[in-house]
Amino acid sequence: MDSKIAAKAVVPGQASELPAAFFELIDDLKSLVRGAHVRAQLKVNTEMIQMYWDIGRTILERQREEEWGAKVIDRISAELRTEFPNQRGFSRSNLHHMRQMARTWPEPIVQQAVGQLPWGHIVVLMSKCDTRFELDFYAQHAVHNG
């Protein structure tokens, strides 16, 4: 009985034992996996950008209401990095970028083209562009052209 099982066993690499459309099936499955990975990365990026905008907006609002200075941002950075040691992005300079983003785009960011860009791209755009029109123009083109 063992000899019958061994005789019918498919050895990897022997295409003659595989169904005719096997490699087409594999290509389709690989495409499904890659597509799911891309969609997951986009969702993670969108959530992170939303979080950064929320942090920036909260800092702006508190600074206006309580009139505290830049030293508080240093303390916020230290507290967030202590609470979330495995999460990057809470440096003093990054918090300033978050605040700048919330000031530049006071309405929810995720519904705009810039909300679909990676954080590094947003930071570069904010450092290179002088006007909101210019920022939105380049953000739209970056999203549209990939």
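Observations on the model:
- Farthest positive-ward along region 8-146 dipole, Cα basis, beta-carbon charges - from PRO108, ILE122, PHE22: ILE122
- Within the chain: Cβ-based charge dipole about Cα centre, in debye rounded to nearest 20 (Lys, Arg +1; Asp, Glu -1): 260
- Computed E for HIS121/ARG92 - FRET, C-beta separation, R0 22 angstrom, nearest 0.05: 0.60
- Integer Hz, Karplus 6.51/-1.76/1.60 couplings in order for region 23-39, x for Gly and Pro: 5, 5, 4, 4, 4, 5, 5, 4, 5, 4, 5, 4, x, 5, 4, 4, 4
- Taking all protein chains into account, the per residue accessible area for the chain stands at 73 Å² (1.4 Å probe).
- Protein heavy-atom surface of region 8-146, 1.4 angstrom probe: 56% of the accessible area is carbon and sulfur, with nucleic acids and ligands not counted.
- Each residue of region 48-65 was assigned a 3J(HN,Hα) from its phi angle through the Karplus curve 6.51 cos²θ - 1.76 cosθ + 1.60 (θ = phi - 60°); the sequence is 5, 4, 4, 4, 4, 5, 4, 4, x, 5, 5, 4, 4, 4, 5, 5, 5, 6 Hz, with glycine and proline shown as x.
- Radius of gyration and Dmax over the Cα atoms of the chain, both given in Å: 24.6, 84
- Filtered trypsin sites (Lys or Arg not before Pro), region 86-115: DSSP coil and at most 11 other beta carbons within 10 Å: ARG88
The values are calculated or read from the model by the stated rules, or taken from the named source; none is laboratory data. Remember, predicted model here, so these are calculated numbers, not experimental data. FYI the Cβ positions are ideal-geometry reconstructions off the backbone, even for glycines, and counts take in every protein chain you see. Surface areas here come from the heavy atoms of the whole protein model, side chains and all, with no ligands, DNA or RNA. Shrake-Rupley method; radii C 1.70, N 1.55, O 1.52, S 1.80 Å.
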